[in-house]
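Peer 1: Okay, handing you the structure first.
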Amino acid sequence: MTACLETRGLTKLFGSVCVTEGVDFRLMPGERRALIGPNGAGKTTMINLLTGRLRPSSGSVFLHGIDVTRLGEARRIKRGIGRTFQITSLFPALSVRENVYLAVAERDGIAARMFRPAFGWKPQLQRVDELLERFHLSDVANETVQLLPYGKQRLLEFAVSLALKPTILLLDEPAAGLPTAEAAIILEVIDRLPKDVTVLLIDHDMDLVFRFAQRITVLVRGRILAEGTPAEIAADGRVRQAYLGEGGHGRHP
Amino acid sequence: MSHQSATLAAATRPADPTKLRALEVLPWVAALTFYFVAPGYEPLATQVFVMILFALSLDLLVGFAGIVTLGHAALFGTGAYAAGLLSVNGITDPIVTAVLATLAAAAVGLVTGALMLRTKGLALLMLSLAACFLLYEVANQATPWTGGDDGLQGVTFSPLFGIFPFDFRGQTAFFYSLGVLFLAFLAMRRLVNSPFGWSLRGIRENDGRMRALGCPIYLRRLTAYVLASAIAGLAGALQAQTTQFVALHVLSFQLSGDILIMLILGGAGGLYGAFIGVPVYMLAQDLLAKQDPANWYLWQGAMLLAITFFAPGGLTALAQQALSAIKGKLRR
Amino acid sequence: MPAGGGLRALATAAVLGTAALMTVPAQAETVMVGVILTYSGRDAALGDQIDKAIRLFQKLHGHELPDGVKVELIRRDDTGPNPDVAKRLAQELILREKVDILTGGQWTPNAMAVAALSKEAKIPFVTMTAGGSKVTLQSPYVVRTGWTLWQSSYPLGQWAAKNGFKRAYTAVSDFAPGHDGEEAFTKGFSENGGEVIGSVRIPLKTTDYLPFLQKVKDAKPEVLYHFNPGGPQATAFMKALADIGLTNSDIKIIGPGDITSDDELPNMGKAPLGVITMLQYSPAATRQANKDFVAAWKKEYGADSVPTFFAVAGWDGMRAIYDAVAAQKGKIDADRTMEFFKTWANPGSPRGPVRLDPVHRDIVQHMYLRRVEEVEGKLANVEVETLPQIGDPWKTVVLGKQ
Amino acid sequence: MIGSSIVAILFFGVAYGMILYLISVGLSVTMGLMGFVNLAHGVFAMAGGYATVSLMNTMGVPFFPSLALACIIVTGMGFVLERTLYSRLYGATELRQVLFSIALCLVAMAIVRIVWGPLAQPIQLPEYLTGQTDILGQALPTYRLFLVAFAAIVIGGLWLTFERTLFGARIRAAVDDRAMAQAVGINTKRLFAATFGLGTGLAALGGGLGADILAIAPAYPLQHIVLFLIVVAVGGLGSIKGPFIAALAIGVSDTACKYFFPEVGSVFVFALVFLLLLWRPNGIMERR
């Protein structure tokens, strides 16, 4: 079976600092995968390399078996990759509804249309409203994003990403630092994602990771340290060493 | 900064764009009233219309697409010289020359935009500036064709629709430019309320996020740039036609700066900034420059300082704030 | 009470109305004159010279009009050689202020644009200092009280050829008067056996002349004909001459008087010594009319202020306008005004006798060949030869043969 | 003979380039350091020119002390403006910075015109700096020779300051990474003000020295700003050597173009700049 997302020898240098080093990584269709690792392990860089936001120094990225290394971010997104940002990235001066609308319009290929008013496209508007409802954002639909509380902004971040109907979804700490109510909404949405959507999750919340993932990849200093089922990872001494190394000495026997 | 974003947001918030608001009729009523109450002022009014159209095209870039350019006159000037040169070479029908001048400016916009928009920030600013100076110098040096510093002499246009001549009283020019402005404005209003217009706002707000939505940023910005160039070129053609003259000034950095000031004075990003900023600026210039021509710079500078420090959203934002404050009081 | 109040108001109105009617004849004929000059920007100093002449004329001669006739000036600033601005201002003056006569016309391109309008609107236009020959062809309603470049440069070309110079180089500012000067000099010079071995046109806004002068120096001509728009440009040119070693060299520097203008001479150091220029006016001239004029000027604007040929062109422009107003008793008719101008003359101009050529309405005046010399420790343009009553040679030499 | 003309033209170009560099280097450092799009830098060069000329012409101060005093006055002016106005717009949008600096230009132009009038102010150089001097059989304008030598000394001093002193090291650190510099205890506020002052002082020096090439007149700031910006953009923001190369290249190519192809005018320079910027959007000395 072809991996839906695969990297071979993926390497990224910032100056002389190597943040991703020879990573071979395969993600199978429909898989639920978690990517964990200590701070500075290169997880977000990894996502940026996968979506094309960053160009690798060497190595390649394959999407459904096709080499997309030279393809720009927008092109890869069009082929079904979606992501959320660890640091909320929205359109601050626009309203919640407009934020989601922009994503839907791009997804449906109407975003370059110049004549009919944006808010005259009924099916798209309907999808926007569905998404808002699903993320409990309907009551703030007309609020300006920069005036929203953080929790709502995170929900919106997620809604905007899902509006693209991605087949591969890369989640960069979607629930980090969220109030319980909003975190619950996001977890529910993650749980309910269709089975054919492939999901790669980065998070520090081990409860979430172990509950969610079928397989876990551990990234340390830009290299893959280990990969396996949650049970295998939990049992891996190297992982415990590396991952919990600094803070966890005392707790290890 | 957040203050500015907030005012921008206020300015871009669409009241259901398919419906016409009562206030939107105001500029057109004002223009027509002006014709009856202020005879003799047609040339000034015509100039105002042309500059509004020019400012509108800049608004599409600065206000909607977030492309700050210091060389927008390059495109206005291209339109003006195209119309002027056509006229000198025997093609004098106003509509035909206007269309051809628009296309010429769009073509120049396509070439310069395709190169410039690969960069951003200071490099983009500098490239826009360099492109403007480059065209200015080309026109300046090509004396045999453009007249250089002396301007293009002998520009005349045949009567509009073969009936209305462009005479020194400027009535044809007045209605012609008002008509073109109205049509172009309707088109622009459509454009900024379309999905395309919204995607430009998205790019202005956060181009990185737009890219992560699969938006081809470069292409989208280039399209906006070419459209804005076309409108600027149309404004330039109007300028050549209504004044029957083309001078180097139409390509100058000074004009690029002036039009930016007019737009910001009115407020960028809402289409209506141009309708407020341009008349206020030009009337102020007409009055102040008349009383004390030498110190017009001082007024201009002071006005601009006040805007940058106290009202970054321009006069439209100020008016909106005042209006909502009054509404708030009335409610209580 | 209300009725009484109304009546009183009516009565007051009636009295005031009668009073107004009675004063009407005294103020009836106010001639509106639109003045378009450069009051701001880089070239404001030249506009300032003209405007000072206008104010001085009004102060000294403003009363010399028939009873009840007044001249009111409305000034507008064209900010420099900006024909589009000048044209719009002229249009506004005609439409809004209903001017009877337009004047100013400091720059050739501006004057060309305004002239076109004067033809359409049938408004007499007295261009004061525009030097391009073609301006008066633009409209039958234009007269010129300043000069043309041909007036100075064509005779200068003839003079150079006749005085033994064989190889010339021309270097002129790249705008219409510069092109005129280059053409006129070349014509006058080559008609009399000289050869122009090279020419360069210098961008109008340049102040760094060295690279251009290096080119001239390398070509080794016997004489360099140069024209620039005067003012700071003239000083920059002279300094560059000194810096590159062309002062008092084998290359004779000649040109229209702009290049050694009297107001800039004090700033030029010794560089201009020996430069030959052709011009219609020098404030150092000893004619009584000029002595009076200069004295009045210095009394008004200070001992350091010197009237230049720009001022004199403005002065004679005002003279012509006032004469036309007086002749028509303030009722300005465009065609009658132009008829009047055809025979207008001012024998008492500070620059000597002047008149207007009835065909092309150009000024006819004495031209003076001057050399820069040191007089009482200061540089001055000393008149060495007088060419009497020169019209615009372009009209006969070029236009007449077409 | 042609050979010696080429030497002369090269030399004029270098002199012009030196002036451009003196004026622009401060702009490069301040723009690199504070990320401020400052279109008003020409104001300080103009102020330097006016101060020098006024001190000499009306107060009879000799040339060199006038230059020095002008530098000090303008440095102070820059310092005050930085603290009162510029610093308020650090971190604001490019657009607001552009508008603010244009406004500053307009106000400065108006003030200068009210005080000194519209005429260009002539600089009366001391007798020993006029005329020509022979260098190895080549007659060159004395003033330009002096200008090149003087500017070279100033530039040498500047580079030493930048490379060898603590002040220079701090500036370099802050250009590289402002947050890091702040973290290691550099008082960036004071550093910004000092750098801005230094940059404006150098501009004033350039304005005074270059009064012959870039005439001191009210239109100065807007007329020449494009040149200064080009030097910075082509040379690379925050760099002090990049602008040197850029300034010399522009000075020499512009002068050579005037000599060899006067009919082309400045078209060549602007076309060159356009292409250079496309090739290296962040300047020729781009580090990353």
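The values are calculated or read from the model by the stated rules, or taken from the named source; none is laboratory data. Keep in mind it's a predicted model, so treat the numbers as computed, not measured. Because the Cβ atoms are built from the backbone with ideal geometry, glycine has one as well, and the counts that use them run over all protein chains shown. These area figures cover heavy atoms from the full protein model, side chains too; ligands, DNA and RNA do not enter into them. Shrake-Rupley method; radii C 1.70, N 1.55, O 1.52, S 1.80 Å.
Peer 1: Which residue out of C:44, C:130, C:90 is farther than 17 Å from residue C:310 by Cα and within 14 Å of chain B (Cβ to nearest Cβ)? Please lay out each step first, then the result.
Peer 2: Values: C:44 fails: farther than 17 Å from residue C:310 by Cα; C:130 fails: farther than 17 Å from residue C:310 by Cα.
That would be C:90, the only listed residue that is farther than 17 Å from residue C:310 by Cα and within 14 Å of chain B (Cβ to nearest Cβ).
Peer 1: Which residues, counting only those in region B:296-322, are part of a helix (DSSP H, G or I), within 14 Å of chain D (Cβ to nearest Cβ) and open to solvent by less than 30 Å² (accessible area, probe 1.4 Å)?
Peer 2: B:296, B:300, B:301, B:304, B:307, B:308, B:314, B:317 - these are the residues of region B:296-322 that are part of a helix (DSSP H, G or I), within 14 Å of chain D (Cβ to nearest Cβ) and open to solvent by less than 30 Å² (accessible area, probe 1.4 Å).
Each row is one residue, and each column tells you yes or no for (1) in a strand (DSSP E or B); (2) touching a residue at least 24 places away in the same chain (Cβ under 8 Å); (3) closer than 20 Å to residue B:45 by Cβ.
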{"residue": "C:56", "(1), (2), (3)": "no, yes, no"}
{"residue": "C:66", "(1), (2), (3)": "no, yes, no"}
{"residue": "C:89", "(1), (2), (3)": "no, yes, yes"}
{"residue": "C:102", "(1), (2), (3)": "yes, yes, no"}
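Peer 1: Ok, one more. Take the conditions within 17 Å of residue B:239 (Cβ to Cβ), more than 9 Å from chain A (Cβ to nearest Cβ) and β-branched (Val, Ile, Thr) and apply them to residue B:138. Does it pass?
Peer 2: On the way: within 17 Å of residue B:239 (Cβ to Cβ): no; more than 9 Å from chain A (Cβ to nearest Cβ): yes; β-branched (Val, Ile, Thr): yes.
The answer is no for residue B:138.
Peer 1: Of all residues in region B:280-295, how many are modelled with pLDDT of 85 or more and more than 14 Å from chain D (Cβ to nearest Cβ)?
Peer 2: The number of residues fulfilling the criteria is 3.
Peer 1: Could you tell me which of the residues B:263, B:248 is crowded, with 24+ Cβ neighbours inside 10 Å, under 21 Å from residue B:316 (Cα atoms) and within 11 Å of another protein chain (Cβ to nearest Cβ)?
Peer 2: Numbers: B:248 fails: under 21 Å from residue B:316 (Cα atoms).
None of the others qualify; the one that does is B:263.
Peer 1: Another question, then. So, of the residues in region B:266-285 that are hydrophobic (A, V, I, L, M, F, W, C) and assigned to a helix (DSSP H, G or I), which turns out to be surrounded by the fewest Cβ atoms within 10 Å (Cβ to Cβ)?
Peer 2: B:283
Peer 1: Do we have residue A:52 as open to solvent by less than 40 Å² (accessible area, probe 1.4 Å), at positive phi and within 14 Å of another protein chain (Cβ to nearest Cβ) here? Can you show your working first?
Peer 2: Details: open to solvent by less than 40 Å² (accessible area, probe 1.4 Å): yes; at positive phi: yes; within 14 Å of another protein chain (Cβ to nearest Cβ): yes.
The answer is yes for residue A:52.
Peer 1: Would you confirm whether or not region D:143-158 contains a residue that is on the phi < 0 side of the Ramachandran plot and not in a helix (DSSP H, G or I)? Quick ask: steps written out before the conclusion?
Peer 2: Applying the first criterion (on the phi < 0 side of the Ramachandran plot) to region D:143-158 yields D:143-158.
Within this subset, residues satisfying the condition of being not in a helix (DSSP H, G or I) are none.
Scanning region D:143-158 turns up no residue that is on the phi < 0 side of the Ramachandran plot and not in a helix (DSSP H, G or I).
Peer 1: Give just the number: which of (1) buried (at least 24 other Cβ atoms within 10 Å of the Cβ); (2) more than 28 Å from residue B:132 (Cβ to Cβ); (3) not polar (S, T, N, Q) does residue D:243 not satisfy?
Peer 2: (2)
Peer 1: For region C:86-114, give me each residue that is surrounded by fewer than 23 Cβ atoms within 10 Å (Cβ to Cβ) and either out of contact with any helix residue (DSSP H, G or I) (no Cβ under 9 Å at 6 or more places or on another chain) or aliphatic (A, V, I, L, M) (or both).
Peer 2: If the condition is that a residue be surrounded by fewer than 23 Cβ atoms within 10 Å (Cβ to Cβ) and either out of contact with any helix residue (DSSP H, G or I) (no Cβ under 9 Å at 6 or more places or on another chain) or aliphatic (A, V, I, L, M) (or both), then C:95, C:97, C:98 are the ones that fit.
Peer 1: Of the residues that sit in region C:323-353 and are out of contact with any helix residue (DSSP H, G or I) (no Cβ under 8 Å at 6 or more places or on another chain) and part of a helix (DSSP H, G or I), which one is surrounded by the fewest Cβ atoms within 10 Å (Cβ to Cβ)?
Peer 2: The residue in question is C:335.
Peer 1: Could you please find all residues in region B:147-167 being buried (at least 22 other Cβ atoms within 10 Å of the Cβ) and not β-branched (Val, Ile, Thr)? Spell out how you get there, then give the answer.
Peer 2: Quick first cut of region B:147-167, residues buried (at least 22 other Cβ atoms within 10 Å of the Cβ) only: B:147-152, B:155, B:157.
Result: B:147, B:148, B:149, B:150, B:151, B:152, B:157.
Peer 1: Answer yes or no as to whether residue B:232 is at pLDDT 90 or above, closer than 30 Å to residue A:82 by Cβ and either open to solvent by 10 Å² or more (accessible area, probe 1.4 Å) or of a type in the set (Gly, Ala, Ser) (or both). Outline the logic, then answer.
Peer 2: On the way: at pLDDT 90 or above: yes; closer than 30 Å to residue A:82 by Cβ: no; either open to solvent by 10 Å² or more (accessible area, probe 1.4 Å) or of a type in the set (Gly, Ala, Ser) (or both): yes.
No; evaluated as a whole, the condition is false for this residue.
Peer 1: Of all the residues that make up region B:142-167, how many are of a type outside the set (Asp, Glu) and closer than 30 Å to residue C:203 by Cβ?
Peer 2: Residues of region B:142-167 of a type outside the set (Asp, Glu): B:142-148, B:151-166.
Checking the rest, the ones that are also closer than 30 Å to residue C:203 by Cβ come to B:142-148, B:151-156.
The number of residues fulfilling the criteria is 13.
Peer 1: Inspect all residues belonging to region D:52-67 and state whether any of them is open to solvent by 10 Å² or more (accessible area, probe 1.4 Å), over 20 Å from residue D:239 (Cα atoms) and β-branched (Val, Ile, Thr).
Peer 2: Checking region D:52-67: at least one residue is open to solvent by 10 Å² or more (accessible area, probe 1.4 Å), over 20 Å from residue D:239 (Cα atoms) and β-branched (Val, Ile, Thr).
Peer 1: Pick out the one residue from C:311, C:295, C:320 that is within 30 Å of residue C:252 (Cα to Cα) and in a helix (DSSP H, G or I).
Peer 2: Values: C:295 fails: within 30 Å of residue C:252 (Cα to Cα); C:320 fails: within 30 Å of residue C:252 (Cα to Cα).
On inspection, the qualifying residue turns out to be C:311.
Peer 1: Could you check, for region C:20-34, whether at least one of its residues is within 14 Å of chain B (Cβ to nearest Cβ), modelled with pLDDT of 90 or more, out of contact with any Cys (no Cβ under 6 Å at 6 or more places or on another chain) and surrounded by fewer than 20 Cβ atoms within 10 Å (Cβ to Cβ)?
Peer 2: Of region C:20-34, the ones within 14 Å of chain B (Cβ to nearest Cβ) are C:32, C:34.
Now restrict to residues that are modelled with pLDDT of 90 or more: C:32, C:34.
Imposing the further condition that a residue be out of contact with any Cys (no Cβ under 6 Å at 6 or more places or on another chain) reduces the set to C:32, C:34.
Checking which are surrounded by fewer than 20 Cβ atoms within 10 Å (Cβ to Cβ) leaves us with C:32.
Within region C:20-34, one or more residues are within 14 Å of chain B (Cβ to nearest Cβ), modelled with pLDDT of 90 or more, out of contact with any Cys (no Cβ under 6 Å at 6 or more places or on another chain) and surrounded by fewer than 20 Cβ atoms within 10 Å (Cβ to Cβ).
Peer 1: If you take the residues of region C:178-213 that are open to solvent by 10 Å² or more (accessible area, probe 1.4 Å) and part of a helix (DSSP H, G or I), which of them is nearest to the other protein chains (Cβ to nearest Cβ)?
Peer 2: Checked region C:178-213; the qualifying residue nearest to the other protein chains (Cβ to nearest Cβ) is C:179.
Peer 1: Does at least one position in region C:274-291 carry a residue that is of a type in the set (A, V, I, L, M), more than 8 Å from every other protein chain (Cβ to nearest Cβ), touching a Ser or Thr at 6+ places or on another chain (Cβ under 7 Å) and open to solvent by 20 Å² or more (accessible area, probe 1.4 Å)? Write out each step before concluding.
Peer 2: Let us first name the residues in region C:274-291 that are of a type in the set (A, V, I, L, M), namely C:275-276, C:278-279, C:284-285, C:289.
Next cut, more than 8 Å from every other protein chain (Cβ to nearest Cβ) only: C:275-276, C:278-279, C:284-285, C:289.
Cutting the leftovers down to touching a Ser or Thr at 6+ places or on another chain (Cβ under 7 Å) gives us C:275, C:278-279, C:289.
Checking the rest, the ones that are also open to solvent by 20 Å² or more (accessible area, probe 1.4 Å) come to C:289.
So far as region C:274-291 goes, yes, one or more of its residues are of a type in the set (A, V, I, L, M), more than 8 Å from every other protein chain (Cβ to nearest Cβ), touching a Ser or Thr at 6+ places or on another chain (Cβ under 7 Å) and open to solvent by 20 Å² or more (accessible area, probe 1.4 Å).
Peer 1: Still on this structure: Which of the residues spanning region C:310-321 are open to solvent by less than 10 Å² (accessible area, probe 1.4 Å) and under 17 Å from residue C:59 (Cβ atoms)? Can you show your working first?
Peer 2: Within region C:310-321, the first condition is being open to solvent by less than 10 Å² (accessible area, probe 1.4 Å), and the residues that meet it are C:311-314, C:316-318, C:320-321.
Those that are open to solvent by less than 10 Å² (accessible area, probe 1.4 Å) and under 17 Å from residue C:59 (Cβ atoms): C:311, C:312, C:314, C:316, C:317, C:318, C:321.
Peer 1: If you don't mind, another one. Could you grab me the full set of residues in region A:227-253 that are over 17 Å from residue A:38 (Cβ atoms), at pLDDT 55 or above and open to solvent by 40 Å² or more (accessible area, probe 1.4 Å)?
Peer 2: A:229, A:231, A:232, A:235
Peer 1: Taking region B:186-231 on its own, how many of its residues are more than 15 Å from the chain's Cα centre (by Cα), charged (D, E, K, R) and more than 9 Å from every other protein chain (Cβ to nearest Cβ)?
Peer 2: Qualifying residue count, region B:186-231: 2.
Peer 1: Then there is this: Within the bounds of region B:109-121, is there any residue that is at the interface with another protein chain (Cβ under 7 Å from one of its Cβ atoms), within 20 Å of the chain's Cα centre (by Cα) and either assigned to a helix (DSSP H, G or I) or within 30 Å of residue B:217 (Cβ to Cβ) (or both)?
Peer 2: No, region B:109-121 contains no residue that is at the interface with another protein chain (Cβ under 7 Å from one of its Cβ atoms), within 20 Å of the chain's Cα centre (by Cα) and either assigned to a helix (DSSP H, G or I) or within 30 Å of residue B:217 (Cβ to Cβ) (or both).
Peer 1: Oh, and also: Hey, among A:223, A:215, which residue is modelled with pLDDT of 85 or more, touching a Ser or Thr at 6+ places or on another chain (Cβ under 7 Å) and either closer than 21 Å to residue A:46 by Cα or open to solvent by less than 50 Å² (accessible area, probe 1.4 Å) (or both)?
Peer 2: Details: A:223 fails: touching a Ser or Thr at 6+ places or on another chain (Cβ under 7 Å).
One residue alone meets the criteria, A:215.
Peer 1: Do you know which of the residues in region D:265-288 that are open to solvent by 50 Å² or more (accessible area, probe 1.4 Å) and assigned to a helix (DSSP H, G or I) is nearest to residue C:202 (Cα to Cα)? Don't jump to the end; show me each part of the working.
Peer 2: Taking region D:265-288 and keeping what is open to solvent by 50 Å² or more (accessible area, probe 1.4 Å), we get D:268, D:272, D:275, D:279-280, D:282, D:285-288.
Now restrict to residues that are assigned to a helix (DSSP H, G or I): D:268, D:272, D:275, D:279.
Numbers: D:268: 15, D:272: 21, D:275: 26, D:279: 31 Å.
Filtering region D:265-288 for residues that are open to solvent by 50 Å² or more (accessible area, probe 1.4 Å) and assigned to a helix (DSSP H, G or I), the one nearest to residue C:202 (Cα to Cα) comes out as D:268.
Peer 1: Next question, about the same structure. Restricting to region A:81-97, name every residue that is crowded, with 20+ Cβ neighbours inside 10 Å and facing another protein chain (nearest Cβ under 7 Å).
Peer 2: Hits for region A:81-97 are A:83, A:90, A:91, A:92, A:93, A:94.
Peer 1: Among the candidates C:271, C:289, C:285, single out the residue that is among the aliphatic types (A, V, I, L, M), within 30 Å of residue C:337 (Cα to Cα) and in contact (Cβ under 8 Å) with a residue 12 or more places away in the chain.
Peer 2: Values: C:271 fails: within 30 Å of residue C:337 (Cα to Cα); C:285 fails: within 30 Å of residue C:337 (Cα to Cα).
Selected residue: C:289, the only one of C:271, C:289, C:285 that is among the aliphatic types (A, V, I, L, M), within 30 Å of residue C:337 (Cα to Cα) and in contact (Cβ under 8 Å) with a residue 12 or more places away in the chain.
Peer 1: Keeping to region B:29-73, report how many residues are small (Gly, Ala, Ser) and within 30 Å of residue B:124 (Cα to Cα). Don't jump to the end; show me each part of the working.
Peer 2: Of all residues in region B:29-73, those small (Gly, Ala, Ser) come to B:30-31, B:38, B:40, B:45, B:55, B:57, B:63, B:65-66, B:71, B:73.
Remaining after also requiring within 30 Å of residue B:124 (Cα to Cα): B:55, B:57, B:63, B:65-66, B:71, B:73.
Number satisfying all stated conditions: 7.
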